[in-house]
Amino acid sequence: MTLQPRRCASERPNRRRILLVEDEPFVREATVSILENAGFEVLPAVDANGALKTYEESARRIDLVMTDMVLPGRTGQQLGQELRQRCPEVNVLVTSGYTHAEYAIEDPASHTYFLAKPYSRRGLIEKIETILAVIPLRRAARQVS
């Protein structure tokens with residue numbers, strides 16, 4: 001029996017693309033590693049301005065925006081609102097160590113989800129997979145104009 005080499009995550013076709021917005025370097029790097037090891041393509045950004053630029057440069061082919069609640073200059077919710085002005089159906093997962101009711105807003109009708117920090121690798125992946133289970137792959141569903 002000959003063993004076939006496994007495909008690397010970077011070689012998988014139609015991987016889901018996540019725009020990760022996190023200003024804390026350690027948290028950003030750890031989260032990128034977790035998501036890439038789970039098979040996602042990750043586009044990291046350190047702040048809201050970088051996220052908006054990356055979103056436009058990717059021709060809006062983002063399956064999920066994962067953002068920290070507290071960012072330099074804006075909140076994750078404000079970033080989500082700005083992105084929705086460009087694309088109303090964009091899905092935003094807001095993460096926060098603050099669990100006050102005002103932060104823990106989750107409204108699937110408006111494509112907004114919440115995950116409390118600290119989260120486990122398993123909890124993060126399960127949350128993302130639950131969100132993405134009902135979302136068509138953006139790259140397959142949208143033509144670049």
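Each value in this text was obtained by applying a stated rule to the coordinates, not by laboratory testing. All values reported here derive from a predicted model rather than from experimental measurement. Cβ coordinates were reconstructed from backbone atoms using ideal geometry, including for glycine residues, and neighbour counts include every protein chain displayed.
Find out how many positive minus negative residues lie around Gly80, taking Lys and Arg as positive, Asp and Glu as negative, among other residues whose Cβ is under 13 Å from that of Gly80. Mind dumping the intermediate values first?
Numbers: positive: Arg74, Arg84, Arg86; negative: Asp68, Glu82, Glu89, Glu106, Asp107.
Result for the local shell: -2.
Please tell me the relative contact order of the range 13-54 in percent, rounded to the nearest whole number, where contacts are Cα pairs under 8 Å and at least six residues apart. Write down the numbers at each step before the final one.
Details: 53 pairs, mean separation 20.6, N = 42.
For the range 13-54, the relative contact order is 49 percent.
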Values of log10 I(q)/I(0), in the order q = 0.18, 0.20, 0.25 Å⁻¹, for the range 21-85 under a Debye, Cα-only, solvent-free model: -0.63, -0.77, -1.16
